[in-house]
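Please treat every number below as a calculation from the coordinates, not as lab data. Everything numeric in this text was worked out from a predicted model, so none of it was measured. Note that each Cβ is placed from the backbone with ideal geometry, even for glycine, and that neighbours are counted across all protein chains shown.
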């Protein structure tokens, strides 16, 4: 039974327990937020565990073979979820899709090769410089300048240039960062052109097809074992399928801004998973540098979202502009913030 008054609504549970409806709503909201945080943590762990499991297949398949299998798994998942209408995509949109497909292919190959050379923690941390660079270069705020000045010595400390430094591995990690930055910019354009995740699904399909001849040649050359194939498939499932589906559910429970900031924990998760699964140990100074980069990511992303939110609230919005994303189910609006820009997800790689 529910009773009302001039102050608040009260819910009677039938046993003498009468609680304000607002309190029940707030409690449910807090529970949903906590569940969302736990799901984000699980998604991040799944991504990094998938990468580490894929690394276990490097001795047999090599990074290229593992990436090929992962791309195929990602293509199946993203096409099934995005359901792109390929015939309805025009020439201009196809150019964007093909560009994103190239980014997919190069980003994952450069990242996995970097993992093979410099370790999971360092490779993922270097890759996270991509979204950080997009956030910093797109702003002229003082806080972003401070972030840029803070991250530069942290990167030098993390890479520690010396005679034994694997410069090729570091370069590949930075190439992955560049690809992720390009992914952000391209995905924003595609998000305006195609509804839902059709563009991402189409790009994943093209990238998966491109890896068919490459993957077949690598698998024939490396004589794959069932265990190595299982490692590669597990990498695709854990680093693509699971995070993608979990992230769609998470964004029903947490704001897009909080989701983007929370992603900054991934380098820490990568370092921990690399230690536990691959026995890749980092020194105290490397942990410190990772911590600095994670904090700078969080500050830069948070400041950028607040600025965009204030700018959006100050503009008058025509009623027709509210239908910029027609027919999108909340479960499919993965990565779409209140300002229409798309958050990046590891599951979309």
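Values for this structure:
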{"read-out": "Kirkwood Rh in Å, taken over all unlike Cα pairs in the stretch 131-204", "value": "14.7"}
{"read-out": "All-pairs alpha carbon distance profile, the stretch 69-201, 5 Å steps from 0, percent", "value": "2, 10, 16, 18, 17, 14, 11, 8, 4, 1, 0"}
{"read-out": "Size descriptor, Kirkwood hydrodynamic radius, that averages inverse alpha-carbon separations across the stretch 89-148, Å", "value": "13.8"}
{"read-out": "Long-range tail of P(r) for the stretch 46-135 (Cα pairs > 18 Å, %)", "value": "54"}
{"read-out": "Sorted by Cβ density within 10 Å, fewest first, the residues 263, 218", "value": "218, 263"}
{"read-out": "Net length gained if the chain between residue 160 and residue 281 were fully extended (0.36 nm per residue, minus Cα distance)", "value": "42.1 nm"}
